[in-house]
Each structure stands twice: as C-alpha cells, then as structure tokens.
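Asks: Supplied in structure tokens, the structure appears directly below.
The values are calculated or read from the model by the stated rules, or taken from the named source; none is laboratory data. Every value quoted in this text rests on a predicted model; they were computed, and no experiment measured them. So basically every Cβ, Gly included, is an ideal-geometry build from the backbone, and we count neighbours across all protein chains shown.
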Amino acid sequence: MKILMETNENLNFLGIIKQIDSILWGPFVLIPLLLGCGLWLTVRLGGIQFRKLLPALHLAFVRRDEADPQDSASTAVSPESGQAPHETDATKTPTTRPATHADYSPTATGEIPALTATSGIPIVNTIEGDISHYQALTTALAATVGVGNIAGVATAIHLGGPGAVFWMWVTGLVGMASKYSEAFLAVRFRKKDANGEMNGGPQHYLQYVTKNRRLGKVLALSFAIFMIVASLGTGNLTQANSLATQLNHSFGIHPVLTGLFLSVLAGVVLLGGVKSIGRVTAAFVPVMIIIYVGASLIVLGLNAAAIPGALALIVRDAFSGTAATGGFVGSAFLVTLQYGVARGIFSNESGMGSAAIAAAAARTRQPVRQGLVSMTQTFIDTIIVVSMTALVIVVTGAWKLPGPNGHGFDGAPLTAQAFTIGFPGTQGHWIVAISLVFFAFSTVLGWAYYGERCIERLAGLKAVAVYRIVFAVVLFVGCISSIEVAWVLADISNALMAIPNLIGLVLASGLIARETRDYLRRDPKLRAAG
C-alpha cells in the first residue's frame, strides 16, 4: 500500500510539472517570445548572424594579439604616448577610462550613456578580463554542447518527429542574434568583483536596460534566482542523469559509482574558478567535438544516398507533423514545433542569457567583438553538432524502431542505437557513451560557473562555497533520478530564466543596434567583411 501511494504521488507530481511545462512551452508563451525576440533582433541588427558569420569565426578561432591597434578599429591608445597609433591632430579621439560597470551605468535620470561621447567606442589603455576570447567561447561551448546535442535531439525526434529538427535549426539561426546581444550587454555592463574577477551577465545588465529602475532590478534578480535553479536542473540533473544512464547501459557501471566520481571530479575543477574551467574546456572541448562530428560524418558517408530523403522528411514533417507510428509520439504541427523549439533552446541556450556570463569574463575591450565570437557558439552547437546527431538518427531509421518497452528508443539510447546501426562494426554505441561523458562533464563545469556568478549576485562571495556543496550533492542525485522528471524540470527552469532575459533584450535592442552599427562603421576589417 505504501509503495502504491508513493507511486501515485510521483505520478501526480509528474503530471503537475508536465502541465506547467506545456503551458510555458506552448504556443502562447516561450515559443513566440523566443522566436519573436530572435527575429526582432535579427531585423534591428541587419541580419548580423548572416553578414558577419565568417569574420566572427575568424575572431573566434584565429589567434591574434589583443593589443593590436586593429582590435579597436585602429584607435587603441598607446600606453607610452597616450595617443592612438598613426593618429593626427585632426583625427585625435579623446580617451576614456577602462570600461567598467560605473562608466556605462545609466545616469540619475535613467539615461544610458553612449560608450564614449564622440564615437560610441570605448578607447582604453588596458584590456580587462580573466580568460581569452577563445576560452570564453569554449567555456560557453562546454556548457552548451552537452546532453542536449545527443539525448536532447533524440528526445525531440522521439516526441515531435523528424520535423522537430527543422525548428531546432530555426531556433538556432534566429537565436544567433539573441546570443550576440546577450554577450554584447554582458561585456558592456560588466564589473569586477571582490576577487578582482570580471562579473557580468543578465543578473547585472538587466537592471540597466530600462529607465524604470524597479523593473530592471526585478528582471535582474529574477534571472539570478531562476539561473541558480536552472544550473541545478539543466546544467546538473539532466547531464548527470543521461551520463549515468548511458554508462550503465553501455558498460554496466552502477549509477552510484558514476555519481560519486562525477561529484568529486567536478568539485576539484570548480575550486580553481573560471581560469581553471577555461583551461580545462579549452583543452578538451575542441577534441570532443571533432571526435563526435568525425564519427557522425563516417555514418553519414556510409549512408550518403539516404541524406536527401532525410532532409526532405525533416522539412516536410516540420509543417505537417507525423502520426504516432513506429515508436514515437509526435502527432501534430504544434507538438513538432514545441519540442523542436524547447530542445533547440536546451541545446544552444540562445535567449536564455547563460552564455553571456562566460562572455563577460573574456579579455576584450570591445562588446561588439565578443558578441560576434559568442554567436558562433550557437552556429557550432546547432547547425553543426545538432545536425550531425539528427541526420544520423534519421538516415539510419533508428527513430522508427521499437525499443525494449515497445514505445521506441528515447534520449541517449536512441542516439546510441543509431550509431550502432550506422557505424562499422558493432560498437557504435561506445562513441555515444564516450562523447556523452565528455559532453555532460563539460556542461556541468560551465553551468556550475554560471550558478556561482548568480549566487554571488544574490548572496555574496561567501555563499559560493555553499552552492558548490549543493551542486555536488545534486549531481549525485541526478545520477539516480528519473530521466523524465529531470527533463521536464529542466524545460521549466529554462523557461523561467529565459523570460526576464528576453524581455531585457527587447528593451535594450535600440542600444545594441545603435552601438553595433557605430562600431562596425569604424572597424575597417569588420566593415569590409559585409
């Protein structure tokens, strides 16, 4: 009787949170807000994600001297002379102090001042920040390229049909403008904390995007609260759960052992702060992406004849939905749209504001340049990695196979089944298992850092140590919890943190567009790029 009562309580709880999830991710809340905000910013910024993608990739991956005068549109100040190189009296530009939180804060009347009085570009003598452009990108990629790229894509196809992939692509493309805007604001309004580290993100910049100080503070604090919850859900429970499930399925490793090892290992890295996280992610994020994409290309190469049909199915199914046959549950256009957008935002995080926290730590003098670097994260995550997983699942036909429970494979096991079918030999599932370990662990590191920054915003530096302990405990719990509950809670936490950030991005769109245009006109390299 006791067991039956507990089961009923769990079912009731699951039913309640599913109702909340369906409302938030239904056709009237997050879907129009996410897509609408992304489209609005795309228009205001002149399609920056399309016009500046190539130079953005160059900024992200080509090493350059941060002290290069070209980094500031040929107007960087020489520390020795106090004058910009090749500067004449006729073109001399006044200098300002290094970019700080106080410099760019709204005035007493609520006005947001330009970056400088004359050019809109901050001219500084030093480059502030804790990690490089590249490390900021890999830290954000570590948090982004995770379980959502393996299990999330599979779940979207399982629940919404192949057409859900199309809406993941759409979410990614329009979301690049949102990701650019988040990173821009994060660098523009960042400040140093008590440890001398740069601290920024929606938990700071949202209080300055509107003249209504009270509204701005509510948005900022709401984001910080929901970000902490999301870091324990999206960045913790789902990652740990998928990792433990896959290791148990592939190698027979008990979830308890996985939980203990994961908690200890994450704690060791987190003790080193953002610089430690940056070094770790810079080392293995590129390797893990190359291995996974390489394995996917092998499968697609062996099934090249099926690729055109798979692409046609994805596009056709995006607008018609597919009847519930062969082991998946999607049945209508709205279901396909809902799961595509929900899993898309879970994967690339555009509009959520999370990656902006990593961008704020970058060593840079220009918000525009870091914004361009950050938007490449969404391109890599969604257009490259998500596409690999989706095409492998569709071309191999794994999404139509009945699973052990008769309802089809779901989550990481579906992706593993696709690789088992498509990869030479019989051990394709090992690729998924190994990739999932790296993807999930890197995501845990990135999201733990995001949570730390927000707990610091709410309760100060001393609370960070307590947060780390709680985070480690939740990691362990995630390894032994129900995957369905974990995914639903992750969707809800994603929605609650995205709402205040999306509102803020819309309110700040004029500021972002104005100062972006001004900078691009004055940077000869970026202006020439399109």
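Asks: Assess whether Ala186 counts as being part of a helix (DSSP H, G or I), within 18 Å of Tyr467 (Cβ to Cβ), within 19 Å of the chain's Cα centre (by Cα) and among the aliphatic types (A, V, I, L, M).
Replies: Taking the combined requirement at face value, the residue does not satisfy it.
Asks: Here is a further query. Condition first: touching a helix residue (DSSP H, G or I) at 6+ places or on another chain (Cβ under 6 Å) and either hydrophobic (A, V, I, L, M, F, W, C) or assigned to a helix (DSSP H, G or I) (or both). Now tell me which residues in region 189-207 satisfy that.
Replies: Phe189, Pro202, Gln203, Tyr205, Leu206, Gln207
Asks: Answer yes or no as to whether Gly252 is within 21 Å of Gly478 (Cβ to Cβ) and surrounded by 15 or more Cβ atoms within 10 Å (Cβ to Cβ).
Replies: no
Asks: Quick check on region 476-524: of everything there that is touching an Asp or Glu at 6+ places or on another chain (Cβ under 6 Å) and aliphatic (A, V, I, L, M), which residue is nearest to Val29 (Cα to Cα)?
Replies: Ile492
Asks: Write out, first by first residue and then by second, each pair whose Cβ atoms fall under 8 Å of each other, whose residues are 6+ apart or on separate chains, and whose first residue, in region 350-364, is under 13 Å from Phe226 (Cβ atoms) and in contact (Cβ under 8 Å) with a residue 40 or more places away in the chain while the second is surrounded by 24 or more Cβ atoms within 10 Å (Cβ to Cβ) and aromatic (Phe, Trp, Tyr).
Replies: As it stands, the answer is Gly353/Phe223; Ser354/Trp447; Ser354/Tyr450, since those pairs meet every condition given.
Asks: Quickly run through region 343-391 and pick out the residues that are among the polar types (S, T, N, Q), out of contact with any Pro (no Cβ under 9 Å at 6 or more places or on another chain) and closer than 29 Å to Ala416 by Cα.
Replies: Within region 343-391, Ser347, Asn348, Ser350, Thr376, Gln377, Thr378, Thr382, Ser387, Thr389 meet the criteria.
Asks: Do any residues in region 295-315 that are in contact (Cβ under 8 Å) with a residue 60 or more places away in the chain and within 18 Å of Gly428 (Cβ to Cβ) have Cβ atoms under 9 Å from those of residues that are of a type in the set (Phe, Trp, Tyr) and in a helix (DSSP H, G or I), where the two are at least six apart or on different chains, and which pairs are they?
Replies: These pairs meet every condition: Ala295/Phe419; Ser296/Phe419; Val299/Phe419.
Asks: Right, something else. How many residues are within 20 Å of Thr516 (Cβ to Cβ) and not in a loop (DSSP other than H, G, I, E, B) if we restrict to region 359-380?
Replies: So the count comes out to 15.
Asks: Among residues belonging to region 265-283 that are assigned to a helix (DSSP H, G or I) and free of Cβ contacts under 8 Å to residues at least 40 places away in the same chain, point out the one that is farthest from Gly196 (Cα to Cα).
Replies: Ala283
Asks: Here are the criteria: (1) modelled with pLDDT of 70 or more; (2) within 24 Å of Val280 (Cβ to Cβ). Tell me which single one Ala136 does not satisfy.
Replies: (1)
Asks: In region 407-423, how many residues are touching a helix residue (DSSP H, G or I) at 6+ places or on another chain (Cβ under 8 Å) and modelled with pLDDT under 85?
Replies: Matching residues across region 407-423 total 6.
Asks: Under the condition of being over 11 Å from the mean Cα position of the chain (by Cα) and of a type in the set (Val, Ile, Thr), which residue from region 341-365 is surrounded by the most Cβ atoms within 10 Å (Cβ to Cβ)?
Replies: Thr364
Asks: Would you be able to say whether some residue in region 366-380 is among the charged types (D, E, K, R) and over 23 Å from the mean Cα position of the chain (by Cα)?
Replies: Checking region 366-380: not a single residue is among the charged types (D, E, K, R) and over 23 Å from the mean Cα position of the chain (by Cα).
Asks: When you check Gln207 against the structure, is it under 30 Å from Thr420 (Cβ atoms), within 23 Å of the chain's Cα centre (by Cα) and either surrounded by fewer than 24 Cβ atoms within 10 Å (Cβ to Cβ) or of a type in the set (S, T, N, Q) (or both), yes or no?
Replies: No: the conditions fail for Gln207.
Asks: Here is a follow-up. Any residue at all in region 440-459 that is surrounded by fewer than 20 Cβ atoms within 10 Å (Cβ to Cβ) and either at negative phi or free of Cβ contacts under 8 Å to residues at least 40 places away in the same chain (or both)?
Replies: Looking for residues that are surrounded by fewer than 20 Cβ atoms within 10 Å (Cβ to Cβ) and either at negative phi or free of Cβ contacts under 8 Å to residues at least 40 places away in the same chain (or both), one finds at least one in region 440-459, hence yes.
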